[in-house]
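Chemist: Let me give you the structure first, and then I'll get to my questions.
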Amino acid sequence: MNLNPDAVRLRARASLVHLLLSAGVAALAAALVFLLWYPGPFRLMSGGRDLFLLVVGVDIVLGPLLTFVVFDLGKGWPHLRRDLAVIGAIQLAGLGYGLHTVYIVRPVAAVFEVDRFRVVTANNVREVELPKALPTYRELPLTGPWLLSARPAQAGEERTEALFMALDGVDTGQRPIFWRPYEEARAQALARSRPVSVLMQRYPGQAEALRDLFRSLAADSATLRFLPVIARGDWVVFLDAAGDPQGYFPLDGFF
């Protein structure tokens with residue numbers, strides 16, 4: 001390997017160009033992921049941000065590093081172009097695989113279940129039930145999660161099956177046959193919720209951060225209520241006086 005200063009500078013320049021191109025592609029991928037698949041707080045509630053950064057971070061580092069290693073004009077342009085094409089193909093394949101992974105774990109629904117919300121990801125949906133769901137819910141969304149409720153299981157065989165499946169880790173919120181519009185359970189969600197004053201008393205150290213959030217939401221803390229959320233990490237959702245979700249915050253609401 002030729003390591004004279006001029007060769008090193010040329011390799012570094014080629015690697016920098018590759019890095020800038022990779023960053024541009026990563027920015028386009030980030031727009032797809034965070035504007036469509038993981039909007040707003042769902043990038044944190046579903047772990048999408050960390051997974052995307054891991055995938056893209058490795059991809060961005062790998063391509064320019066390999067370019068630095070192979071870039072040698074002494075090979076001649078035909079040979080060098082082949083090397084760079086192989087690197088580009090490896091990089092694109094890695095990015096494609098990573099985006100596919102991010103896609104299959106994207107959030108597809110925030111479902112109200114009895115006394116809590118659950119963020120449901122695509123890989124946790126019992127897909128065999130999709131053809132039996134309401135027509136609106138037979139194709140999982142690509143532009144952010146639906147706001148849904150889960151109807152109670154009917155007495156008898158359905159309730160028994162739901163109980164055993166829940167014990168096996170599959171709750172009604174993950175089962176499309178139970179999905180219903182959130183409007184059908186809004187009153188129940190509001191009745192099960194608690195005033196935000198209870199949350200602030202529980203976490204006095206977070207009181208100022210909560211007030212900042214309420215100001216950003218233009219929400220009246222006197223009428224806001226909260227419910228716990230089952231997601232990646234501890235979260236709560238804030239409901240307005242009508243029972244509609246207004247925002248999320250990372251706190252444990254199960255107390």
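Chemist: Given R₀ = 25 Å, FRET efficiency for Lys132-Ala187 by Cβ-Cβ distance, to 0.05?
Modeler: Working from the Cβ atoms, E equals 0.40.
Chemist: Once the principal axes of the Cα atoms of region 10-77 are found, what is the range along each, listed largest first in whole angstroms?
Modeler: Cα spread of region 10-77 along its principal axes, largest to smallest: 50, 16, 14 Å.
Chemist: Can you tell me the length gained on complete extension of the stretch Ile90 to Arg159, counting 0.36 nm per residue apart and subtracting the Cα distance?
Modeler: Extra length available between Ile90 and Arg159 comes to 19.9 nm.
Chemist: Give me the 1.4 Å probe accessible area per residue for region 43-94, excluding ligands and nucleic acids, in Å².
Modeler: 56 Å²
Chemist: Separate question: So which residue, out of Leu65, Leu147, Leu227, gets the largest mean-square fluctuation from a GNM of the chain using Cα contacts under 10 Å as springs?
Modeler: Top of the fluctuation ranking is Leu65.
Chemist: Here is a further query. Averaged per residue, what accessible surface does region 114-245 expose to a 1.4 Å probe, in Å²?
Modeler: Spelled out: the 1.4 Å probe surface of region 114-245, per residue, equals 54 Å².
Chemist: For region 136-255, compute the orientation-averaged projected area of the C-alpha convex hull (one quarter of its surface), in nm².
Modeler: It is 8.9 nm².
Chemist: Show that you can apply the helix-only estimate: for the chain, add -39,500 (n - 2.57) for every DSSP H stretch of four or more residues, divide by all residues, and state [θ] at 222 nm to the nearest 500.
Modeler: -15000 deg cm²/dmol
Chemist: Non-local amide H neighbours of Ser149 (under 5 Å, H modeled in plane, Pro and chain starts lacking H): which ones?
Modeler: Phe112, Arg180, Tyr182
Chemist: Okay, next question. Could you give the nm distance between label points at Ala27 and Lys75, where each point is 7 Å from its Cα heading toward the beta carbon?
Modeler: 2.8 nm
Chemist: If you don't mind, another one. Measure nothing fancy, just the Cα-based angle from helix 5-32's long axis to the longest principal axis of the chain, in degrees from 0 to 90, nearest 10.
Modeler: 20 degrees
Chemist: Continuing with the same structure: Using each residue's phi in region 77-91, evaluate 6.51 cos²θ - 1.76 cosθ + 1.60 at θ = phi - 60° and report the 3J(HN,Hα) Karplus result to the nearest Hz, with x for Gly and Pro.
Modeler: 4, x, 5, 5, 4, 5, 4, 5, 5, 5, 4, x, 5, 4, 5
Chemist: Choose one answer from Ser46, Ser149, Ser22: the residue with the largest mean-square fluctuation in a GNM of the chain with alpha-carbon springs under 10 Å.
Modeler: Looking only at Ser46, Ser149, Ser22, the largest GNM fluctuation is found for Ser22.
Chemist: Can I ask one more? How much length is gained if the chain between Thr223 and Leu142 is pulled fully straight, taking 0.36 nm per residue apart and subtracting their Cα-Cα distance, in nm to one decimal?
Modeler: Once the chain is fully extended between Thr223 and Leu142, it gains 25.9 nm.
Chemist: Tell me, what HN-Hα J-couplings in whole Hz come from the Karplus equation 6.51 cos²θ - 1.76 cosθ + 1.60 at θ = phi - 60° for each residue of region 152-169, using x for Gly and Pro?
Modeler: Coupling constants for region 152-169: x, 5, 6, 4, x, 4, 5, 5, 4, 4, 4, 5, 5, 5, 5, 5, 8, x Hz.
Chemist: In whole Å, what three semi-axes, largest first, describe the equivalent ellipsoid of the chain built from its Cα gyration tensor (square root of 5 times each eigenvalue)?
Modeler: 47, 24, 13
Chemist: With only Lys, Arg, Asp and Glu charged, each at its Cβ (+1 for the first two, -1 for the last two), find how big the charge dipole of region 129-209 is about the Cα centre; round to the nearest 20 debye.
Modeler: 280 debye
Chemist: On the protein heavy atoms, probe 1.4 angstrom, tell me the percent of accessible surface of the chain carried by carbon and sulfur.
Modeler: Of the solvent-accessible surface of the chain, carbon and sulfur hold 62 percent.
Chemist: Oh, and also: For the chain, set up a Gaussian network in which alpha carbons nearer than 10 Å are linked by springs, and say which option among Glu183, Glu129, Glu158 fluctuates the most.
Modeler: In the Gaussian network model the winner is Glu158.
Chemist: Sticking with this one: Would you please report the Å³ per residue occupied by the convex hull of the alpha carbon atoms in region 68-115?
Modeler: Here the figure is 79 Å³ per residue.
Chemist: Pop out the ³J(HN,Hα) list for region 190-195 in order, Karplus 6.51 cos²θ - 1.76 cosθ + 1.60 with θ = phi - 60°, rounded to Hz; leave Gly and Pro as x.
Modeler: 5, 5, 7, 7, 10, x
The values are calculated or read from the model by the stated rules, or taken from the named source; none is laboratory data. All of these numbers come straight from a predicted model, not from anything done at the bench. All Cβ positions, glycine included, derive from the backbone under ideal geometry; neighbour counts span all protein chains shown. To get the accessible areas, we keep the full protein, side chains included, count just its heavy atoms, and leave off ligands, DNA and RNA. Shrake-Rupley method; radii C 1.70, N 1.55, O 1.52, S 1.80 Å.
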